[in-house]
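The values are calculated or read from the model by the stated rules, or taken from the named source; none is laboratory data. What you see is a predicted model, and the numbers here were worked out from it, not measured in a lab. Methodologically, a virtual Cβ is constructed for each residue, glycine included, from the backbone with ideal geometry; neighbour enumeration extends over all protein chains shown.
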């Protein structure tokens, strides 16, 4: 049984299908990375899984139960976490309040989870009383990830977690994603920095025009000359 | 010293009274804006409605307060707050929620709220007529005269019981709101939704519940402001027209979507109004000898006549927005 199994997903905004039958399966030990050119429907697929984009065809199963078009708050209760690409923090709230909001549906675990998040992202501990909007880009991303981890999800969806970060922070974020995965959290993410992301990927999905083009392990995709030429910049 | 007493009575106290009423009203407007991102024009009518409820219950049980030693309208205020909160939720469910779910632009909901204003005003007039009434039906408004401990001051400071209660309630409401927004889970969820509604949804926050709580706060605070205004002066069924502008000015000047800004804005507008209609000649007469002899001090020296009081919030609004487009406290620019 796969953790997440999406089959022939069709969907988009306002009746227009951006996704034209996408398959995607993720287990709890997987780091899945979605790459592809602009407009391929990468973020749309992630949002479709999380109930933020209407799914008109196909099915999405979480532990063999359909979650097609479920409300995001229901999916959080089922153990999913989602980190949007931009605006992924509450800027006027403190770091600690941001994290507390992550645990909104599980208020009784807030205290222990806060400690775990602070030990996982030590820079956040000293900034915990600061408004999150005042932090640097990399620290904001830590807040965003910490917020999503507060519910102890089993599947984490990340939309371009390294967008706009310096190479140093990018590597830091990728390292953290691998650590989170090792702790037993399935990962599915969209990445522009395709090469670096595929390095850590156990599964890679190359999308183009709303369809699967290649699906393989990250290493195989990196070594595939066709993929390298068309999607990884040679 | 009598001049000082005159100043305290006519500026310090009356500014605090109108400032408090505007502040409580503006908090509601700003909360609704911060959660639902639209300017709720029917807010002042919810204030009138709340006051009308208090009047109705006071008329039904005029002696109820005397038994407990408090003014009857004050005893009826909690009931009116609950009813007005339900009215607010009901209005949202019938008129604004369907529009929101259609994903219309905020301006459409603003226009809908204008429609609700006209409807509520019609209903209020239908049941209450157009004449103004005193909220004190069988009781007398308690007036406190505090003598100043100076020989030169022969006149007392005058403050009425509803004015004292209003100021105490405003302080309590502000402290309560502060604790609610910063200490409770629901209050933080409200701030989160005002900060980033999409992320609030993604975090598992039940946004429909936040909306309901917002209306409960806005409705009950509106009933409170309306009741105190009516207790201070009288209940006029069409008072919402005169309230709407200062309240919106207070909310915008303070920084829309910012509750503390609404409080600051409320007092700014309240004091500016009272200062602009204050008759300065009484104070100036005292220092007449400083002026050249040919200069006469007119008997009435106010910045604007009290019938033009309503221009003051307009003026502050324009001035502040030119100087600081997002308000005193940085509000949301949407």
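General remarks:
- Test for residue A:149: is it closer than 25 Å to residue A:61 by Cα, touching a helix residue (DSSP H, G or I) at 6+ places or on another chain (Cβ under 8 Å) and buried (at least 17 other Cβ atoms within 10 Å of the Cβ): yes
- So residue B:70, is it out of contact with any helix residue (DSSP H, G or I) (no Cβ under 7 Å at 6 or more places or on another chain) and over 30 Å from residue B:302 (Cβ atoms): yes
- One residue alone among B:74, B:99 is closer than 20 Å to residue B:239 by Cα and in a helix (DSSP H, G or I), and that residue is B:74.
Residues are listed down the side, and each one gets a yes or a no for (1) closer than 30 Å to residue B:31 by Cβ; (2) within 14 Å of chain A (Cβ to nearest Cβ); (3) at pLDDT below 95; (4) more than 23 Å from the chain's Cα centre (by Cα):
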{"site": "B:146", "(1), (2), (3), (4)": "no, no, yes, yes"}
{"site": "B:151", "(1), (2), (3), (4)": "no, no, yes, yes"}
{"site": "B:165", "(1), (2), (3), (4)": "yes, no, yes, no"}
{"site": "B:182", "(1), (2), (3), (4)": "yes, yes, yes, no"}
{"site": "B:185", "(1), (2), (3), (4)": "yes, yes, yes, yes"}
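- Summed over region A:64-88, the residues that are crowded, with 22+ Cβ neighbours inside 10 Å, at the interface with another protein chain (Cβ under 7 Å from one of its Cβ atoms) and farther than 17 Å from residue A:162 by Cβ give a count of 1.
- The set of residues in region A:92-112 that are more than 8 Å from chain B (Cβ to nearest Cβ) and over 24 Å from residue B:259 (Cα atoms) comprises A:103, A:106, A:108, A:109, A:110, A:111, A:112.
- Index of the failed condition, residue B:133 passing every other in (1) surrounded by 14 or more Cβ atoms within 10 Å (Cβ to Cβ); (2) within 20 Å of residue B:54 (Cα to Cα); (3) out of contact with any strand residue (DSSP E or B) (no Cβ under 9 Å at 6 or more places or on another chain): (3)
- From the options B:29, B:11, B:17, B:5, residue that is touching a residue at least 60 places away in the same chain (Cβ under 8 Å) and touching a strand residue (DSSP E or B) at 6+ places or on another chain (Cβ under 8 Å): B:5
- Number of residues in region A:196-216 that are within 19 Å of residue A:179 (Cα to Cα) and over 16 Å from the mean Cα position of the chain (by Cα) equals 1.
- As a summary of the residue check, residue B:155 satisfies the conditions (1) within 11 Å of another protein chain (Cβ to nearest Cβ); (2) farther than 30 Å from residue A:71 by Cα except for the one numbered (1).
- 3 or more residues touching a strand residue (DSSP E or B) at 6+ places or on another chain (Cβ under 6 Å): qualifying helices (runs of 4 or more DSSP H) within region A:20-116: A:42-49
- Of all the criteria given as (1) surrounded by fewer than 20 Cβ atoms within 10 Å (Cβ to Cβ); (2) closer than 28 Å to residue A:100 by Cα; (3) without any contact (Cβ under 8 Å) to a residue 40 or more places away in the chain, the one not satisfied by residue B:196 is (1).
- Residue match in region B:304-315 (condition: crowded, with 20+ Cβ neighbours inside 10 Å and either modelled with pLDDT of 85 or more or under 24 Å from residue B:13 (Cα atoms) (or both)): yes
- Residues (part of a helix (DSSP H, G or I) and crowded, with 22+ Cβ neighbours inside 10 Å) located in region B:56-71: B:58
- In region B:188-205, of all residues being under 18 Å from residue A:145 (Cα atoms) and assigned to a helix (DSSP H, G or I), the one that is farthest from the other protein chains (Cβ to nearest Cβ) corresponds to B:197.
- Among the candidates B:140, B:125, the residue that is more than 14 Å from chain A (Cβ to nearest Cβ), outside any loop (DSSP other than H, G, I, E, B) and either out of contact with any helix residue (DSSP H, G or I) (no Cβ under 8 Å at 6 or more places or on another chain) or surrounded by fewer than 16 Cβ atoms within 10 Å (Cβ to Cβ) (or both) is uniquely B:125.
- Index of the failed condition, residue B:276 passing every other in (1) outside any loop (DSSP other than H, G, I, E, B); (2) out of contact with any helix residue (DSSP H, G or I) (no Cβ under 6 Å at 6 or more places or on another chain); (3) surrounded by 12 or more Cβ atoms within 10 Å (Cβ to Cβ): (2)
- Any hit, region A:127-146, residues being surrounded by fewer than 21 Cβ atoms within 10 Å (Cβ to Cβ), within 14 Å of another protein chain (Cβ to nearest Cβ) and within 22 Å of residue A:52 (Cα to Cα): no
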